[in-house]
Amino acid sequence: MIVVLLGPPGSGKGTQAKRLSSERHWPQLSTGDMLRTAISKGTQVGLEAKALMDKGSLVPDSVVVRLIAERTEDADCKAGFVLDGFPRNAAQAEALDLMLSRMNRKVDRAVLFEISDQELVIRLSGRRTCIKCGAMFHLDHAQPKNPGICDACGSALIQRDDDHPDVIKKRLEVYHQQTEPVVGFYARQEKLKTVDARRKSSEVSAELHKALS
Ligand code: AP5
């Protein structure tokens, strides 16, 4: 099954994609994570992406479409995969359909995470991410056992460069202008389901499984 998780920054796509990936053994394909890996390795793609990501703007379509095209050819994507943060505009959604049709595949379900902008600002400004394994915590409602230290691997927790208030505002604007049209794209294909992303993580997970059944 090929699943697209859609929703504004901070709505919980990454949290649920990781969970779904471990429960159903589908890899999580996160363009944000792929770009952050490229930045940490200092590749050309990473150098170009960093300035745009730090401002809250989108990275060019050609870059992210290539990342996804290469990754979907890997053997572990055969049984299915979860797209997290891609597609992010109408052009990417069309490129994805074309790419998959050439492989005789298609998106089976798109799930929209619904939540207000106010809640997102609280979530993102309190998010802390493990520098090594990517595990996520929150200063108020998902605190690590030891402050600043990852429960999973013991590495340092950091605040993402794009989780500062001015950049969060810009990311939300970009979402409303460029990503919201993707919701209509999948609704017209009758593949769209929604989940209430304000609920507890375990409840969102249960709703997500229902949306995929
Ligand atoms: P990306 O990394 O994709 O970030 P995003 O979409 O902005 O989403 P986030 O990772 O911030 O949030 P999320 O929805 O995954 O929520 P999370 O689970 O982390 O993209 C970053 C940048 O890369 C973009 O701005 C762009 O520049 C570039 N980029 C990426 N893809 C691109 C593309 N396709 N095209 C062009 N550019 C691209 O949760 C957030 C917080 O909330 C955490 O602290 C978590 O613990 C907490 N939380 C999660 N669920 C719950 C819950 N149910 N209740 C309470 N707290 C919760």
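Every number here is computed from the coordinates shown, using simple stated rules; none is lab data. These numbers were taken from a predicted model, which means no experiment stands behind them. Quick reminder, even Gly has a Cβ in these numbers, built from the backbone with ideal geometry, and neighbours come from all protein chains shown.
Annotations for the structure displayed:
- In this structure the amide hydrogen of Thr194, modeled in the peptide plane, comes within under 5 Å of the amide hydrogens of Leu112, none closer than 5 places in sequence on its chain.
- Selection among Pro60, Met1, Met99 by position relative to the dipole of the chain gives Met1 as farthest towards the positive end (Cβ unit charges, Cα centre).
- Each residue of region 145-153 is assigned a 3J(HN,Hα), and the resulting list reads 4, 10, x, x, 10, 5, 5, 6, 10 Hz, derived from the Karplus form 6.51 cos²θ - 1.76 cosθ + 1.60 (θ = phi - 60°), x at Gly and Pro.
- Hydrodynamic radius by Kirkwood, which averages 1/r over all alpha carbon pairs of the chain, in angstrom: 17.6
- When the chain is treated as a Gaussian network with alpha carbon springs shorter than 10 Å, the biggest mean-square fluctuation among Gly85, Gly32, Gly184 belongs to Gly184.
- Cross-link partners for Lys169 among the aspartates and glutamates, with Cα-Cα distance under 14 Å and sequence neighbours closer than 8 places in the same chain left out: Asp54, Asp117, Glu119, Asp161.
- Cβ-to-Cβ counts within 10 Å put Lys169, Lys18, Lys41 in ascending order as Lys41, Lys169, Lys18, the fewest first.
- Aspartates and glutamates whose Cα lies under 18 Å from that of Lys78, excluding same-chain neighbours fewer than 8 positions away: Glu23, Glu70, Asp97, Asp108
- Each other residue within a Cβ distance under 14 Å of Leu29 adds +1 if Lys or Arg and -1 if Asp or Glu, for a net charge of +3.
- Sites Arg24 and Glu70 - FRET efficiency at Förster radius 25 Å, r taken between beta-carbons, to 0.05: 0.65
- Largest GNM mean-square fluctuation among Ala197, Ala110, Ala95, using the chain with Cα springs under 10 Å: Ala95.
- The Rg/Rh ratio of region 1-92, with both radii computed over alpha carbons and Rh defined as the Kirkwood radius, is 0.95.
- Over all other residues within a Cβ to Cβ distance under 13 Å of Asp108, the charged ones net out to +4, with Lys and Arg as +1 and Asp and Glu as -1.
- Shown in residue order for region 36-45 are the 3J(HN,Hα) couplings computed by the Karplus curve 6.51 cos²θ - 1.76 cosθ + 1.60 at θ = phi - 60°: 5, 5, 4, 5, 5, 7, x, 6, 4, 4 Hz (x for Gly and Pro).
- Region 1-45 shape via C-alpha gyration tensor axes, a/c threshold 1.5: prolate
- GNM remark for the chain: springs join alpha carbons under 10 Å apart, and the peak mean-square fluctuation among Asp166, Asp61, Asp196 falls on Asp166.
- In this calculation the C-beta distance from Leu212 to Lys169 is compared with R0 = 45 Å, giving a FRET efficiency of 0.90.
- Sites excluded, GluC sites (Glu not before Pro) in DSSP loops with at most 16 other C-beta within 10 Å, longest stretch of the chain: 74-189
- Cα-based shape type of region 155-213, given that a ≥ b ≥ c are square roots of the gyration tensor eigenvalues and the cut on a/c is 1.5: oblate
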